[in-house]
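As structure tokens, the structure follows; a few thoughts come after it.
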Amino acid sequence: MSTRPVDARFVLAMDGGLQHGRDKGRTGWDTRWAETTFEGDVFDGLKNKFYEEVTELFNALVDNNLEQAASECPDVANLAMMIWDFIHTQKERDVNESRDSRA
């Protein structure tokens, strides 16, 4: 069995979603979370936005609105990527702060 690569159309749709956010003034992804439009805790904001996007996807699936569901998938994927990145960015910061405190 041959392996199948990530669908380039999906990656382009994810990129389009990120650009849409940039056009709305959302900078968290590009600033590695140093600047965001979330009120309060960034991680809570990401979790809440993920829940919102998953709910939109779920509702579209329940309604059998496949076109809407397909348009929500990149949003869900982007938020999952952002949460993954935030967690890893925080780990990197923690390691660097630990090193700095020992120096």
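So the values come out like this:
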{"quantity": "Projected label distance in nm at Ala70 and Ala34, using a 7 Å step from Cα toward the beta-carbon", "calculated": "3.9 nm"}
{"quantity": "Cβ crowding within 10 Å averaged over residues, with 41-51, 90-100, 55-65 ranked highest first", "calculated": "41-51, 55-65, 90-100"}
{"quantity": "Whichever lysines have a C-alpha closer than 25 Å to that of Lys91, once near sequence neighbours (fewer than 8 apart) are set aside", "calculated": "Lys47, Lys49"}
{"quantity": "Max mean-square fluctuation residue, GNM over the chain, Cα-Cα springs under 10 Å, options Asp23, Asp85, Asp75", "calculated": "Asp23"}
{"quantity": "Contact order normalised by residue count of the chain, Cα under 8 Å, 6+ apart, percent", "calculated": "27 percent"}
{"quantity": "Unit charges on C-beta of K, R, D, E only; dipole of the chain, Debye", "calculated": "420 debye"}
{"quantity": "The stretch 8-102 pair-distance distribution - Cα-Cα, 5 Å bins, rounded %", "calculated": "3, 13, 19, 22, 17, 12, 7, 4, 2, 1, 1, 0"}
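Bear in mind these aren't lab numbers, they're just calculated from the coordinates by the rules spelled out. A quick note: this is a predicted structure, and the numbers were derived from the prediction, not measured. Note that we place each Cβ from the backbone using ideal geometry, even for glycine, and neighbour counts take in every protein chain shown.
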